[in-house]
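What follows is calculated from the coordinates using simple rules that are stated; it is not laboratory data. Bear in mind that the values here come from a model prediction, so they are computed numbers and not experimental data. Cβ sites come from the backbone with ideal geometry, for glycine too, and all protein chains shown count toward neighbours.
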Amino acid sequence: MSSFKFCPECGFKFDKEYKFCPECGFNLTQENKKDKSLFEFAEDTEDYGEYGGFADMVKAKQGASKNDADSLRHATILCLRGEFEEAEKLTKEYVDKYFDNVEGYVALLRVHSKDFAEFEGGQIEKDIKIITKLSKGGVDDEDYKEYIKARENYFADKKIKVEQAKKKEEAKRKADEEKKKLEEEKKKEEAILNKQQDEKNLEKALDLYKNKKYKDAFALFQAIAEHDNPEALYYLGLMYHGGYACEGNTKKAMEYYEKSAKAGYTPAMCSVAYFHHPPYSFKEEDHKQTAYWYQKAAELNDPRGQYETGNMILHGYYGVTKDVNKAIYWFQKAAAQGEKSAEQELKELKNKGNEAAAQALQAIKAKSNKKT
């Protein structure tokens with residue numbers, strides 16, 4: 001029958017002679033054992049069956065003779081094993097009993113700092129304050145001294161790492177800014193080149209369009225429109241509207257008109273306005289859009305926009321308040337730019353005896369003579 005021995009400190013089972021426990025390092029020599037005996041149990045002993053494991057068995061056998069200091073040492077072994085909850089229980093029992101003893105708080109610090117591996121946390125700070133207060137700054141415990149040294153090194157290293165991270169982040173920020181600056185400069189250069197090329201292509205496309213070479217004009221307008229050129233977008237709208245070199249598509253025409261109008265091209269604004277009133281729409285909500293876009297074009301000095309705005313105001317179309325004098329104002333501005341429909345409206349108003357319309361016509365004629 002083989003005989004097994006168990007370490008009285010941690011309960012490790014072994015069947016050879018050791019000077020120190022292979023598990024926890026406890027000194028097993030007779031000189032240092034004092035009253036601690038190596039409990040021997042036969043492999044098939046009935047005692048073993050009463051316990052859940054070796055450590056539990058040894059703990060039960062030692063229970064009556066284990067003093068408070070042994071509990072504290074056992075808590076250290078538990079920390080080495082990573083069993084911190086059990087270690088905290090034993091340590092707190094000691095601290096509750098000897099609340100003015102530094103050793104208990106050093107042991108508790110070991111528990112809360114996960115065996116001196118962690119150096120941050122509110123509870124750890126509290127433990128250190130208690131130890132410092134009880135010892136008045138002079139603790140002889142070697143574990144505590146080693147921990148404080150490790151803690152100081154940790155925060156020193158952390159400070160260096162934080163500073164290094166800041167420098168690295170600053171260097172990255174500067175590099176990113178420089179990269180962004182270069183990219184923006186490159187984009188500006190590309191935009192200038194694109195604009196110059198687009199201007200040449202636009203002139204060519206307009207010439208093709210006027211000469212009814214719609215297929216070639218359409219291809220050029222498409223290429224220019226990729227750079228959001230408002231005039232090219234407007235002409236694509238015209239071509240989809242009229243079905244030139246493409247299948248007629250009112251929806252697509254409107255999409256191009258709107259893009260161009262939002263980019264500030266006034267002829268496109270008038271087209272968008274046109275698509276929001278009969279026969280394209282009979283909704284009052286759309287009619288407000290008609291009034292909005294015609295007035296916006298008029299304010300940007302577009303002659304058609306000025307004429308249409310005058311016409312709306314003269315007749316009170318699309319929810320606009322009637323005002324003959326305001327209508328004459330816009331007719332006069334449009335007629336001065338050669339808008340014949342506006343000049344005709346002024347003549348009709350003059351024939352009806354409107355003095356303001358007569359004066360507007362006279363001013364336009366005088367301006368025209370001056371130019372001649």
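Label-to-label distance for HIS227 and GLU17 is 9.7 nm, based on points extended 7 Å past Cα in the beta-carbon direction.
In order along the stretch 246-262, the Karplus-derived 3J(HN,Hα) couplings, from 6.51 cos²θ - 1.76 cosθ + 1.60 at θ = phi - 60°, round to 7, 6, x, 8, 4, 4, 5, 4, 5, 4, 5, 4, 5, 4, 5, 5, 5 Hz, and Gly and Pro are given as x. Put simply, the amide H of PHE20, placed in the peptide plane, has neighbours under 5 Å in LEU28, leaving out anything fewer than 5 places away on its chain. If the chain linking ASP140 and LYS215 were pulled fully straight, counting 0.36 nm for each residue of separation and taking away their Cα-Cα distance, it would gain 17.4 nm. Please list, or write none, the aspartates and glutamates whose alpha carbon is within less than 20 Å of the alpha carbon of LYS172, excluding same-chain residues fewer than 8 places away. Once the sequence-local aspartates and glutamates are set aside, what remains near LYS172 is GLU163, GLU183, GLU184, GLU185.
Cβ-to-Cβ counts within 10 Å put SER281, SER260, SER71 in ascending order as SER281, SER71, SER260, the fewest first.
With the cut-off at 27 Å, tell me which of the pairs LYS326/LYS352; LYS252/LYS296; LYS259/LYS322 have Cα atoms farther apart than that. Table pairs above 27 Å Cα-Cα are LYS259/LYS322.
Most tightly packed first, judged by the mean number of other beta-carbon atoms within 10 Å of their residues, the peptides 155-165, 216-226, 81-91, 118-128 read 216-226, 81-91, 118-128, 155-165. Couplings 3J(HN,Hα) of the stretch 179-189, computed from phi: 5, 4, 4, 5, 5, 5, 5, 5, 5, 4, 4 Hz, in residue order, whole Hz [Karplus 6.51 cos²θ - 1.76 cosθ + 1.60, θ = phi - 60°; x for Gly and Pro]. I need the shape label for the stretch 218-292. Rule: rounded when a/c is under 1.5, else prolate if a/b > b/c, else oblate, with a, b, c from the alpha carbon gyration tensor. Cα axes put the stretch 218-292 in the oblate bin.
For the stretch 180-216, run through the trypsin sites (Lys or Arg not before Pro) and keep only the ones in DSSP coil with at most 11 other Cβ atoms within 10 Å of their Cβ. Here the sparse-neighbourhood loop sites are LYS212. The slack in the chain from LEU193 to VAL162, taken as 0.36 nm per residue of separation less the alpha-carbon distance, amounts to 6.6 nm. Mind checking which lysines have their Cα closer than 23 Å to the Cα of LYS179? Skip sequence neighbours fewer than 8 apart in that chain. Result set, ordered by chain and number: LYS166, LYS167, LYS168, LYS187, LYS188. Couplings 3J(HN,Hα) for the stretch 215-230, derived from phi with the Karplus relation 6.51 cos²θ - 1.76 cosθ + 1.60 (θ = phi - 60°), are 4, 5, 5, 4, 4, 5, 4, 4, 5, 5, 5, 4, 9, 6, 6, x Hz, where x marks Gly and Pro. Checking the table LYS114/LYS149; LYS283/LYS333; LYS97/LYS133; LYS89/LYS159; LYS126/LYS149; LYS16/LYS114 against a 23 Å threshold on Cα-Cα, which pairs fail? In this structure, LYS283/LYS333; LYS89/LYS159; LYS16/LYS114 lie more than 23 Å apart at Cα. Leaving out same-chain residues fewer than 8 places away, which aspartates and glutamates sit with a Cα under 20 Å from that of LYS213? List returned: ASP198, GLU199, GLU203, GLU231, GLU247.
Between ASN153 and GLU203, the modelled label-to-label distance comes to 7.7 nm, taking each label 7 Å out from Cα in the direction of the beta carbon. Here the stretch 259-372 is treated with +1 on each Lys and Arg Cβ and -1 on each Asp and Glu Cβ, and its dipole about the Cα centre works out to around 420 debye. Rounded if a/c is under 1.5, else prolate if a/b is larger than b/c, else oblate: which is the stretch 277-372, with a ≥ b ≥ c the root eigenvalues of its Cα gyration tensor? Here the stretch 277-372 falls in the prolate category. Counted residue by residue at 0.36 nm each, then reduced by the alpha carbon distance between them, the extension gain from THR250 to GLU348 reaches 31.8 nm.
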